[in-house]
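The values are calculated or read from the model by the stated rules, or taken from the named source; none is laboratory data. Remember, predicted model here, so these are calculated numbers, not experimental data. Heads up, the Cβs are rebuilt from the backbone with ideal geometry, glycines too, and the neighbour counts pull from every protein chain shown.
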Amino acid sequence: MSKAPVEYLLHLADNAVVLGQRDAEWCGHGPILEEDLALANVSLDLIGQARLLYQLAAARMGNGATEDALAYFRDDKDFLNYTLVELPNHGALVGYAAADRDYATTIVRNFLYSALMVLVWDALQKSPDSDLAAIAAKSLKEARYHLHHAADWLVKFGDGTEESHARAQAALDHLFRYTEEFWTPSAVEDAAIASGAAVDVRTLRAAWDAIIADTLAEATLKRPEVRGYIPEGKHGRHSEHLSYLLGEMQGLARAHPGATW
Amino acid sequence: MSSTIEKVWATLEHLTDPEIPVVTLRELGILREVRETDAGIEVVITPTYSGCPAMGQIEDDVRASLDQAGIAARVITQLAPVWTTDWMSDEAKEKLRVYGIAPPHRTCGSGGDVSVVHFVRRVQAEPVACPRCGSIHTTVTSQYGSTACKALYKCLDCQEPFDYFKPY
């Protein structure tokens, strides 16, 4: 039976845990109470998915590996997540972006990411790696609601007021280039594809484009032109933002290794 | 069914969901199976949402009940087949409604049967009925409610806000 390589499981898990951490930054700060709850719930789903994947990776690594060790005691260079998911909840500090938290940035990011993940999980639920397929089947159901939620708000923003439209477009212009990373496989993905247990993301591009086009049309937003820059987060080459994020996420566990409560 | 397995089911029958104390774990489809293996009795539970914070409590509740009844059994968490709200019994759905939570509609089949691409923005075909007055004149307030498994709705006739247990 073909099994997905451990690094591929970590790539999937790291994406989920890092975005889960970013979305959780809205906890107690949501623009409205309902969205505070929604983002906390999305975040819980993502962290839950990450846990399942880390548990599976740890079981396959053996040697005393645990989900906590994988989440809390690996350094930024070891994380294999997309750069997109580690960026702060605001855009470049020009134009319409607010320095603190910009909800349009969060919604656009969740939209771009979950539009990819519904396709990835849909493909992976048929993986011959039955453990990964089981996680994918669960995650797919959750990712669909994440996509639904993000697309709903993107349409409200885009097809809303002049201000909300401009901020949604600014967030889209800022984040869209980072999706280029999805389509260039890393060595980890190449090995996983060769194992037969993973999905070649390039085969999902047309379907992803269709979801994006569909929603952006309804939101009256313009798909930005991107070319040239391809981020390399999944190769372990990250923006500085990941280090700060991990500093916060891992600080407690590293200050008190082995602590339980 | 062997008498041992029957005894385990009977022991766990009273356990309810920590968030929704009117439905039992068995009715929700979380308590999946009790089986006898060479290694002894195994109780199989399955998580609802990946990050559902109630799962830890549910597992503890199952263990505690087994311990109290003096039954030596292993509790196994199994992901596949993936949990779906379709496993909820009609009785459980009625209990949810009486409790004030609109029960889930049936999903359109599991996993790959649903077109992923056109999932978004295709408005829900079936209206959600208000659990209090029964009106289908309702509107969604938020896709997420107090927990990931529920959405917030409002009845436009009796004006009551209510939770809808989302199809999963």
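The single condition among (1) β-branched (Val, Ile, Thr); (2) away from every other protein chain (no Cβ under 14 Å); (3) under 30 Å from A:Lys126 (Cβ atoms); (4) assigned to a loop (DSSP other than H, G, I, E, B) that B:Val82 does not meet is (2).
Checking A:Thr179, A:Thr184 one by one, the residue that is under 18 Å from A:Val120 (Cβ atoms) and modelled with pLDDT of 95 or more is A:Thr179 and no other. Inside segment A:128-161, can you point out the residues that are under 19 Å from the mean Cα position of the chain (by Cα) and of a type in the set (Asp, Glu)? Passing the criteria: A:Glu142, A:Asp152.
For segment A:38-58, the criterion of being closer than 20 Å to A:Arg254 by Cβ, surrounded by fewer than 24 Cβ atoms within 10 Å (Cβ to Cβ), more than 20 Å from the chain's Cα centre (by Cα) and more than 9 Å from chain B (Cβ to nearest Cβ) is met by at least one residue. Scanning segment B:13-50 for residues that are hydroxyl-bearing (Ser, Thr, Tyr) and within 18 Å of B:Ser89 (Cα to Cα) turns up B:Thr16, B:Thr24, B:Thr46, B:Thr48. Quick one: is B:Gly100 within 13 Å of another protein chain (Cβ to nearest Cβ) and either β-branched (Val, Ile, Thr) or within 16 Å of the chain's Cα centre (by Cα) (or both)? No, not satisfied. Hey, does segment A:226-236 have a residue that's more than 17 Å from A:Arg177 (Cα to Cα) and charged (D, E, K, R)? No, the conditions are met nowhere in segment A:226-236.
Checking the conditions here, which among A:Arg223, A:Arg205, A:Arg227 is within 14 Å of another protein chain (Cβ to nearest Cβ) and charged (D, E, K, R)?
Just a single option satisfies the conditions, and that option is A:Arg205.
When residues in segment A:16-29 are screened for being surrounded by fewer than 17 Cβ atoms within 10 Å (Cβ to Cβ) and without any contact (Cβ under 8 Å) to a residue 60 or more places away in the chain, 2 of them pass. Picking from residues in segment A:123-178 that are touching a Pro at 6+ places or on another chain (Cβ under 8 Å) and more than 12 Å from chain B (Cβ to nearest Cβ), the one that is surrounded by the most Cβ atoms within 10 Å (Cβ to Cβ) is A:Leu172. Among the residues of segment B:21-47, the ones that are out of contact with any Ser or Thr (no Cβ under 9 Å at 6 or more places or on another chain), buried (at least 20 other Cβ atoms within 10 Å of the Cβ) and either basic (Lys, Arg) or part of a loop (DSSP other than H, G, I, E, B) (or both) come to 0 in all.
Against the conditions (1) free of Cβ contacts under 8 Å to residues at least 40 places away in the same chain; (2) surrounded by fewer than 19 Cβ atoms within 10 Å (Cβ to Cβ); (3) within 14 Å of the chain's Cα centre (by Cα), B:Val82 satisfies every one except (2).
For segment B:123-168, filtered to residues that are closer than 20 Å to B:Ser89 by Cα, in contact with a Leu (Cβ under 9 Å, 6 or more places away or on another chain) and within 14 Å of chain A (Cβ to nearest Cβ), the residue that is surrounded by the fewest Cβ atoms within 10 Å (Cβ to Cβ) is B:Asp163.
Do we have any residue at all in segment A:200-216 that's outside any helix (DSSP H, G or I) and among the polar types (S, T, N, Q)? No, there is no match, as no residue in segment A:200-216 is outside any helix (DSSP H, G or I) and among the polar types (S, T, N, Q).
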